[in-house]
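As structure tokens, the structure follows; a few thoughts come after it.
The values are calculated or read from the model by the stated rules, or taken from the named source; none is laboratory data. Note that the coordinates shown come from a computational prediction; the quantities given were computed from them, not determined experimentally. No Cβ is skipped: glycine too gets one built from the backbone with ideal geometry, and neighbour counts run over all protein chains shown. Side chains are part of the model used for accessible areas, which takes the heavy atoms of the whole protein and leaves out ligands, DNA and RNA. Shrake-Rupley method; radii C 1.70, N 1.55, O 1.52, S 1.80 Å.
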Amino acid sequence: MDYLEPYREAAKEHGGSFYATLWRSREGQQLRFRTMCNGIDFSDMSILDVGCGLGDFADYLIDHQISFASFQGIDAMEQMISEANNKSLPRCTFSIGDVIENEGLLQGFDWITMSGTLNAMPQSLAMELVSKAFSACTIGVAYNFLSNQCKQNLEEDLTPASRFDTVQMLEQAFKLTRNVTFDQSYLDGHDATIILKKVQD
């Protein structure tokens, strides 16, 4: 898939390291993780982390003593999965896979998380993945993206990432469920997090 090409190039240059994940800073990554955890109680939940990279979200949950039931990380980059598995994190497994090519990988989890995963995708593909993930999960989906509703320079070159139309992302969210949480209060509005939760009738 074309959206994976920037990650392949980064992995060639940096190997299975933080720099190959294309995160600009660990601080920003941690803020995104914290925002997800502020909106979700992951206790006793099964989690699928799509685009897990080095397993940093699993590290975050363990470091913050969040007692999830199980964590499955999946990433299309073999180098990332190799490094994640080397950590031998409790209640965590990591495997190579591309949910765009094989959406069946999304099945069987309470929560599906995507942090930074959508950034290099076209918005239409990202929205399609969100919809499929929400259909597959049993409870909800949490994801973040670069927002176009911020006071920063919207002409800034963020390649290979791009800003999404945040209003469109929210419109999709409300079509999927009325239980929507939105947060753009961190990172000066540069980033946005949406949490979708299924409604029990």
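Give me the accessible area per residue for segment 98-201, probe 1.4 Å, as a whole number in Å². Each step should come with its number before you reach the end.
Details: 4910 Å² over 104 residues.
Value for segment 98-201: 47 Å² per residue.
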Normalising by the residue count of segment 26-185, find the relative contact order in percent from Cα pairs under 8 Å and 6+ residues apart.
20
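With the full set of protein chains in place, find how many percent of the accessible area of segment 33-146 is carbon and sulfur; take the probe as 1.4 Å. Intermediate values should be presented prior to the final figure.
Values: 1960 of 4310 Å².
Carbon and sulfur atoms account for 46 percent of the accessible area of segment 33-146.
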Distance from a point 7 Å along Cα→Cβ of Leu31 to each backbone N in segment 167-195: keep the residues under 19 Å and list them by number.
182-195
Between Val180, Ser147, Gly104, whose Cα lies farthest towards the positive end of the dipole of segment 100-201 when Lys and Arg beta carbons carry +1 and Asp and Glu beta carbons carry -1, centred on the Cα centre?
Val180
By the C-alpha gyration tensor axes a ≥ b ≥ c (rounded if a/c is under 1.5, else prolate when a/b exceeds b/c, else oblate), the shape of segment 115-201 is prolate
